[in-house]
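To start, the structure itself, in structure tokens.
The values are calculated or read from the model by the stated rules, or taken from the named source; none is laboratory data. These numbers come from a predicted model, not from an experiment. Here the Cβ positions follow ideal geometry from the backbone for every residue, glycine too, while neighbour counts run over all protein chains shown. For the accessible areas, the whole protein counts, side chains as well, though only heavy atoms, and no ligand, DNA or RNA atoms are used. Shrake-Rupley method; radii C 1.70, N 1.55, O 1.52, S 1.80 Å.
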Amino acid sequence: MDNDGLNHQVEAYDQWRKGISREIGRYQGWLNKNSLLSDEITEKLQGRIQRLKSDGLTIAFVGEFSRGKTELINALFFTGFGQRMLPSQAGRTTMCPSEIFFDPSETPCLKLLPIETRHQEHPVSHYKSDDVHWKVLPLRTNDPVSMRELLNQVSESKSVSFEEARKLGFDVGTLEKDLEHPGQVLIPAWRHALVNMDHPVLRQGVRILDTPGLNSLGAEPELTVSMLPRADAILFVLDADAGVTASDMDIWMRHLRGNDPQSHTLKFAVLNKIDTLMDELRSAAETRAMIETVRISTAEQLGLDIESVLPLSARQGLIGRIRGDQKLLQESRLEELEQLIAEQLITRKEKQVTTELVADILGMLQNSVSILSAREASLSDRLERIEEGGVGTDYLKELTTKTQADYNFYYKKLFTLRSSRRLMKSQAMILGRLVNSERFEQHARLTQEELVSSWTTLGMGRSIVNFFHALENDLANLRHESVLAGKMVTSIYQRYNQGLPGGEQLEPRPFDLQRTLDQLGQLQNRAERFRLQASTLFSEQTVVVKRFFNTLVLEARDLYLGVSEDAQRWPQEALMPLLQNTLEQKESLEHQIKRLKELSATARDTRSQQRKLQQMIQDIRSEIQEAENIQRRLRRPAPQSLQQKVVNLPGAVR
């Protein structure tokens, strides 16, 4: 791989994604130039561009203390600084969850949220919109030494009593005792850290989540219920010498394993510190065999494919990269992990963009090209007639009448379609009344009241189940009504397709709720696991209420309101293909009528007719060529797909 490692792969993906955005912008300009752009199409195209801009890569690093998570992050992303940028040394260095990203709208800085905010009911996400609760420290990205010193504050701890630690949600049995202050324990000084750093790989949309050990994962349900499930990839970091320990397995079973076949989160296990297994009393072959044994055992214990378990040395990889020592870098096996992430994570992201976004734009483009091609064919036929013997006034009059009839046909279609869109707008209001923010808040309020009045974990569990049943009932009603709306859309398409030239048939896109229902079911499963956790069962009842509303309800709200927006947008977008086809056909025929009238004015001047028709045909061909160029650029293979094709070519140099 390139010396830049994973950074190079991410950059290629980012450039490909930006290229797609540019082509969508060109297509929008092409539509506007040909008078084929409507407000609805503009909104759709701009939505696709915005989605590409916000589509980043989130990689989470999870594991117990002292597994080398932060060292691995340094080795993968930050060797360009020539030193360890994030705090990484023996003992507990990552004391609080840290998000590392680049936000160009803000000055690079480190934000630290005090641990005392856990006394409040608000989740971390509540505080992200306001700096007043954070300690904000500016980062000088051009000064790695000062930046490293500043980032060391993430690992700060403080001494508190056992009682205070319990109130803040910690399992005091796993905390380090403060030897200087008997009867007290050390806890993280900060609840959460946000690192906004201007760095090439972060600038390309990568977001890194560095987590502490089991204690913090259990104390911050927002991590395991919201942040980790939304990650594109999770790297579960283990010690190669110990393999999967009891605490490692606890993290895996409680927070990471999951049974969701629809999950978009890739999971890898990293057996770190393989360099500690090498000594003079053991041959290299024996060491490799031992590492492979641990690798096989780890895959079996975690239920992963053997290819998803990678042994490596983050320390060797970091030093090898910084010193330019290729031998040490190769021994670290860091590049094998980078290759795996590129092949699986980035390849899958490329497929998602291709199938869910590019294919849609290509369909719109193909429709546009087909209409212009039909216009070009009609004009070429007229040119051929003229060249064979000229075109008389009667023929031009007949042709104009036919073209006018076709224009009237699509004008009527447009008029009918506008009536149908008003009907679908009413349908959107009906769907919106079934699932909206007011209904959700009503369900949440009722559940909160039930939880407050519950004095047993059984009663709390029943309240949680009732909450999800209420949401499922709303979605069931929405599905029923959307089926009726779908039949209405199908009927509109059938009427529209009647009499279309060439037997063309446009098909509607149904409203699909299944994915949201699946996600809600997965969230309910996480809710049940959270309820049954020992830390929940034995916590104060008010703490259970806080945790529940800080995690599960927030995540459910996002799902619920997301499907509410989709339900209100779908009735309008469902008719978009009909609107685009009608507007393009109408504009094309309007253009032809204008040209035919010009030809009629010079019906006896054959040469003038030929010149005008030739120019018209040339103009259309130029527009078709431009559209086909956009199509061709959109169809270019994504970087990882292209690389795999090159590697698989027979006789390719390896």
Within segment 318-333, track down each residue that is open to solvent by less than 40 Å² (accessible area, probe 1.4 Å) and either within 18 Å of residue 287 (Cα to Cα) or part of a loop (DSSP other than H, G, I, E, B) (or both).
328, 329, 332
Residues in segment 617-625: is at least one modelled with pLDDT under 85 and open to solvent by 20 Å² or more (accessible area, probe 1.4 Å)?
no
Quick test of your reading of the structure: residue 579 fulfils all but one of (1) of a type in the set (A, V, I, L, M, F, W, C); (2) surrounded by fewer than 21 Cβ atoms within 10 Å (Cβ to Cβ); (3) within 18 Å of the chain's Cα centre (by Cα). Name the failing condition by number.
(3)
Meets criteria (open to solvent by less than 50 Å² (accessible area, probe 1.4 Å) and either in contact with a Ser or Thr (Cβ under 8 Å, 6 or more places away or on another chain) or modelled with pLDDT of 80 or more (or both)) for residue 614
no
Conditions (1) touching an Asp or Glu at 6+ places or on another chain (Cβ under 9 Å); (2) at pLDDT 90 or above: number failed by residue 200
(2)
Taking segment 414-453 as the search range and keeping residues that are open to solvent by less than 70 Å² (accessible area, probe 1.4 Å) and in contact with a Gly (Cβ under 9 Å, 6 or more places away or on another chain), which one is modelled with the lowest pLDDT?
451
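Does residue 344 count as touching a strand residue (DSSP E or B) at 6+ places or on another chain (Cβ under 8 Å), at pLDDT below 90 and either buried (at least 17 other Cβ atoms within 10 Å of the Cβ) or not aromatic (Phe, Trp, Tyr) (or both)?
yes
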When segment 405-464 is examined, which residues are found to be of a type in the set (Val, Ile, Thr) and over 29 Å from the mean Cα position of the chain (by Cα)?
416, 430, 447, 452, 456, 457
Report those helices (runs of 4 or more DSSP H) wholly inside segment 334-444 carrying at least 2 residues which are among the hydroxyl-bearing types (Ser, Thr, Tyr) and over 30 Å from residue 271 (Cβ atoms).
359-389, 393-434
May I ask you to list the residues in segment 1-39 that are open to solvent by 10 Å² or more (accessible area, probe 1.4 Å), outside any helix (DSSP H, G or I) and of a type outside the set (A, V, I, L, M, F, W, C)?
2, 3, 4, 34, 35, 38
Given (1) over 30 Å from residue 325 (Cβ atoms); (2) hydroxyl-bearing (Ser, Thr, Tyr); (3) without any contact (Cβ under 8 Å) to a residue 12 or more places away in the chain; (4) touching a Lys or Arg at 6+ places or on another chain (Cβ under 8 Å), index of the condition residue 117 fails
(3)
Considering only residues that are surrounded by 13 or more Cβ atoms within 10 Å (Cβ to Cβ) and hydrophobic (A, V, I, L, M, F, W, C), which ones fall in segment 138-173?
139, 147, 150, 151, 154, 160, 162, 165, 168, 170, 172
Only one of 356, 376, 338 that is farther than 30 Å from residue 643 by Cβ and either touching a helix residue (DSSP H, G or I) at 6+ places or on another chain (Cβ under 6 Å) or surrounded by fewer than 15 Cβ atoms within 10 Å (Cβ to Cβ) (or both):
376
Could you list, ordered by first residue, the pairs with Cβ atoms under 7 Å in which the first is in segment 359-384 and over 28 Å from residue 45 (Cβ atoms) and the second is polar (S, T, N, Q) and modelled with pLDDT of 80 or more, at least 6 apart or interchain?
383/614
Conditions: (1) in contact with a Phe, Trp or Tyr (Cβ under 7 Å, 6 or more places away or on another chain); (2) over 24 Å from residue 13 (Cβ atoms). Residue 370 meets all but one. Number of the miss?
(1)
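I'm trying to understand the selection: among the residues of segment 267-316, which are touching a residue at least 40 places away in the same chain (Cβ under 8 Å) and of a type in the set (Asp, Glu)? Let's see the steps before the verdict.
Let us first name the residues in segment 267-316 that are touching a residue at least 40 places away in the same chain (Cβ under 8 Å), namely 267-275, 291, 294, 297-298, 301-303, 308-316.
Matches in segment 267-316: 275 only.
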Of the conditions (1) open to solvent by less than 40 Å² (accessible area, probe 1.4 Å); (2) out of contact with any strand residue (DSSP E or B) (no Cβ under 7 Å at 6 or more places or on another chain), residue 265 fails just one. Which one is it?
(2)
Which of the residues that make up segment 467-500 are over 23 Å from residue 432 (Cα atoms), without any contact (Cβ under 8 Å) to a residue 40 or more places away in the chain, open to solvent by 60 Å² or more (accessible area, probe 1.4 Å) and in a helix (DSSP H, G or I)?
494
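State whether the residues of segment 79-97 include one that is in contact (Cβ under 8 Å) with a residue 60 or more places away in the chain, closer than 30 Å to residue 642 by Cα and buried (at least 17 other Cβ atoms within 10 Å of the Cβ).
Here is the first cut: in segment 79-97, the residues in contact (Cβ under 8 Å) with a residue 60 or more places away in the chain are 79-87, 92-97.
From what's left, closer than 30 Å to residue 642 by Cα: 79-80.
Now restrict to residues that are buried (at least 17 other Cβ atoms within 10 Å of the Cβ): 79.
Among the residues of segment 79-97, at least one is in contact (Cβ under 8 Å) with a residue 60 or more places away in the chain, closer than 30 Å to residue 642 by Cα and buried (at least 17 other Cβ atoms within 10 Å of the Cβ), which makes the answer yes.
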Do we have any residue at all in segment 55-66 that's open to solvent by 10 Å² or more (accessible area, probe 1.4 Å), at pLDDT below 90 and within 24 Å of the chain's Cα centre (by Cα)?
yes
